[in-house]
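Q: Below are the structure tokens for one structure; questions will follow.
The values are calculated or read from the model by the stated rules, or taken from the named source; none is laboratory data. Note that the structure is predicted; figures quoted are calculated from it, not measured. Quick reminder, even Gly has a Cβ in these numbers, built from the backbone with ideal geometry, and neighbours come from all protein chains shown. For accessibility, only protein heavy atoms count, side chains too; no ligands or nucleic acids. Shrake-Rupley method; radii C 1.70, N 1.55, O 1.52, S 1.80 Å.
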Amino acid sequence: MAEEVRYCRIRHGGHVRRGIVEGEVVRLIAGEFTAPGETIAEIPLAAAELVAPVAPSKIVCVGLNYRAHAAEMGHQLPAEPVLFLKPPTTCIGPGATIVRPAASRRVDHEAELAVVIGRRIRLATPEAAAAAILGYTCANDVTARDLQARDGQWTRAKSFDTFCPLGPWIAAGIDPADLSIEAFVNGERRQASRTSDLIFGPCELVSFVSHVMTLEPHDVILTGTPAGVGPLEAGDEVEIRIEGIGSLVNPVA
Ligand code: MG
């Protein structure tokens with residue numbers, strides 16, 4: 001494994017800047033995450049206004065991808081991943097508000113491990129896919145469950161503005177094979193699993209998606225959610241916590 005590095009973006013002086021989290025400090029960089037160039041400034045992490053760590057051209061998501069969740073739902077294990085998309089306008093960062101749309105009466109959290117792509121790939125083998133992964137972050141695949149059932153397909157249910165919190169940063173150089181993944185609502189644990197229960201792992205998924213569409217740098221793949229999805233109400237605070245990455249907290253309005 002490569003050295004562990006945490007890449008973030010923060011709002012600073014009216015601009016969104018890239019940075020590298022080093023202990024309790026964010027070092028703002030002039031260049032790209034993997035070619036940082038000179039340091040612009042160093043600011044305390046506690047004072048940093050983190051935004052979504054990337055601005056993806058697309059967010060590719062996978063349905064049912066945890067064995068226990070598939071069993072719980074009475075589904076057979078899928079032979080290949082079932083894909084859907086969320087538009088980039090769903091992305092928000094840590095601390096930003098998830099807005100329940102007037103059109104829905106049931107909005108659910110879905111804790112997910114997110115894969116962030118580092119370089120353009122197409123028709124990639126799992127090995128090439130592994131080399132193209134920049135790192136991992138926490139995601140919440142917020143879903144209007146009633147509209148998902150009513151529409152018969154998922155575009156509207158998955159695509160409202162604010163329906164894809166990402167963050168708090170991208171953890172690079174970590175092994176994603178067996179990490180705890182949890183969701184908390186108002187401090188109460190609602191989802192708890194491990195990424196070792198994934199049916200299709202990150203490299204396999206990235207390879208699969210790359211045989212459908214070209215993946216661009218900073219595109220995001222959501223790897224599916226474990227059992228325990230549930231509703232979010234106005235005034236709630238939802239937290240997605242993944243071992244080795246960190247904690248993504250968002251209020252709900
Ligand atoms: Mg999902």
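Q: 222 nm [θ] for the chain, helices only, -39500 (n - 2.57) per DSSP H run of 4+, per residue, to 500?
A: Value at 222 nm, helices only, nearest 500: -3500 deg cm²/dmol.
Q: Assign one of three labels to the chain, namely rounded, prolate or oblate, based on the Cα gyration tensor with a ≥ b ≥ c the square roots of its eigenvalues; rounded applies when a/c is under 1.5, prolate when it is not and a/b is larger than b/c, and oblate otherwise.
A: Oblate shape, in that a/c is at least 1.5 and b/c is the bigger or equal ratio.
Q: Determine Rg/Rh for region 5-50; Rg is computed over alpha-carbon atoms and Rh is the Kirkwood hydrodynamic estimate from the same atoms.
A: 0.91
Q: Would you mind calculating the relative contact order of the chain from Cα pairs under 8 angstrom and at least 6 residues apart, reporting the percent as a whole number?
A: 26 percent
Q: Continuing with the same structure: Applying the Karplus parametrisation 6.51 cos²θ - 1.76 cosθ + 1.60 with θ = phi - 60° to the phi angles of region 243-253, what ³J(HN,Hα) value in whole Hz is obtained for each residue in order, glycine and proline being reported as x?
A: 3J(HN,Hα) across region 243-253, in whole Hz: 4, x, 10, x, 10, 10, 10, 9, x, 10, 10.
Q: Using a 10 angstrom cutoff on alpha carbons, build the Gaussian network for the chain and name the most mobile of THR223, THR97, THR137.
A: Comparing THR223, THR97, THR137 in a Gaussian network model of the chain, the most mobile one is THR97.
Q: Sort 26-33, 75-82, 199-206 by the packing proxy (mean of other Cβ within 10 Å over each peptide's residues), most packed first.
A: 199-206, 26-33, 75-82
Q: Another one. Kindly write out, for region 108-122 in residue order, the coupling ³J(HN,Hα) from the Karplus curve 6.51 cos²θ - 1.76 cosθ + 1.60 (θ = phi - 60°), rounded to whole Hz, with x marking Gly and Pro.
A: 10, 8, 9, 5, 9, 6, 9, 9, 10, 7, x, 8, 4, 9, 8
Q: If R0 is 51 Å, what FRET efficiency do you get for ASP175 and ALA253 from their C-beta distance, rounded to 0.05?
A: The value I calculate is 0.90.
Q: Run the quick spin-label model on GLU38 and ALA192: label points 7 Å from Cα toward the beta carbon, then report their separation in nm to one decimal.
A: Modelled inter-label distance: 5.0 nm.
Q: Given a 1.4 Å probe and heavy atoms of the protein chains only, how would you sort ASP178, ASP141, ASP151, largest accessible area at the top?
A: ASP178, ASP151, ASP141
Q: May I pose another question? Tabulate in residue order the Karplus-calculated ³J(HN,Hα) for region 203-219, using 6.51 cos²θ - 1.76 cosθ + 1.60 with θ = phi - 60°, rounded to whole Hz; enter x for Gly and Pro.
A: Rounded to whole hertz, the list is 5, 5, 5, 4, 4, 4, 5, 5, 7, 9, 9, 5, 9, 9, x, 6, 5.
Q: Please list, in chain and number order, the residues 5+ apart from VAL229 or on another chain whose amide H is under 5 Å from its amide H, with Hs placed from the backbone.
A: none
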